[in-house]
Amino acid sequence: MEHKSGCLFCGKELIYLKEAEELNCIFCNRVFPTQARCVDRHFVCDACHALSANDLIERFTIESSSKNPMEMALTLMKSPALKMHGPEHHFLVPAVLISAFYNTRAGEQDEKEKKVKQARKRSENVLGGFCGFYGDCGAAVGTGIAVSVLTGATPLSRKEWRLSNLMTAKSLLEIANAGGPRCCKRNSFLAIQEAVSFIKEEFGAEVGWSTEKLKCQFHSLNKECRKRDCRFYPEGLAHE
């Protein structure tokens, strides 16, 4: 979310301290001494502040211990590095899914890092505007990338090939049924939701999911927002 002033994470007022405190960066989780934080104690280190969207996604998902991919996605989406729309979502989706999957498995941090980087390399081939110009939303492709990376699928695989294409098909159908115009946030939510169910069913991985209804925090940034025609539009808001 674009915050032009105040806290980079939530936009609230910054507090400048007389003495430094040690705080965890909201994105990389590393501890730094700082004399500036927001009223809600959010802190973003200088390194994460300067990262590109894909660099931030890579660092955050490698460092995160969360088993909830939607929780990770929402945290990343609040960074000003991630725009309302853009191809960074094509990496965001597989990165949070792969991270959550490996966070359910002990002792596989090195493998998680390798797989996240592999997903980045593949997702960067999925261009912006893919949904409209190629008829295949990049968020849906991202779920297929995630399953392909997790299973080691190749064009010659059998079960792995089937699973990765089936994953893309399931998430793409969900996105298509939601209708246009594109919204990278909505499509990412739908893709991640579909992938969580798929990964649980096919791999038995207990990736997390909140039972609380997801309410979009980004609708005011989207001039094409469908408002109440979107399932994630917050209840109680009037049509604008």
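The values are calculated or read from the model by the stated rules, or taken from the named source; none is laboratory data. Every value quoted in this text rests on a predicted model; they were computed, and no experiment measured them. Using ideal geometry, Cβ is built from the backbone for each residue, glycine included, and neighbour counts are taken over all protein chains shown. What goes into the accessible areas is simple: the full protein's heavy atoms, side chains included, and nothing from ligands, DNA or RNA. Shrake-Rupley method; radii C 1.70, N 1.55, O 1.52, S 1.80 Å.
Before moving on, here are some points about what is shown:
- Rounded to the nearest 20, the Cβ-based charge dipole of the stretch 160-235 about its Cα centre (Lys and Arg +1, Asp and Glu -1) stands at 480 debye.
- Computed over the stretch 1-103: relative contact order in percent, which uses C-alpha pairs under 8 Å that are six or more apart: 28 percent
- LEU166/ALA20 FRET efficiency (R0 41 Å; Cβ-Cβ; nearest 0.05): 0.20
- Ligands, DNA and RNA left out, the accessible area of the chain computed with a 1.4 Å probe is 49% carbon and sulfur.
- Per-residue ellipticity at 222 nm, computed for the chain from helices alone with -39500 (n - 2.57) per DSSP H run of at least four residues, works out to -14500 deg cm²/dmol.
- Value of relative contact order over the stretch 97-240, rounded to a whole percent, pairs C-alpha under 8 Å and six or more apart: 21 percent
- Amide H contacts under 5 Å for ALA36, placed H, 5+ residues apart: LEU17
- A 1.4 Å probe run over the protein chains yields, for the chain, 51 Å² of accessible area per residue, whole-number rounding.
- Cα long-axis angle, helix 184-203 against the chain (0 to 90 degrees, to the nearest 10): 60 degrees
- Rounded to 0.05, the FRET efficiency of the LEU214 and THR154 pair, given R0 = 25 Å and the Cβ-Cβ distance, is 0.15.
- Cα long-axis angle, helix 159-178 against the chain (0 to 90 degrees, to the nearest 10): 70 degrees
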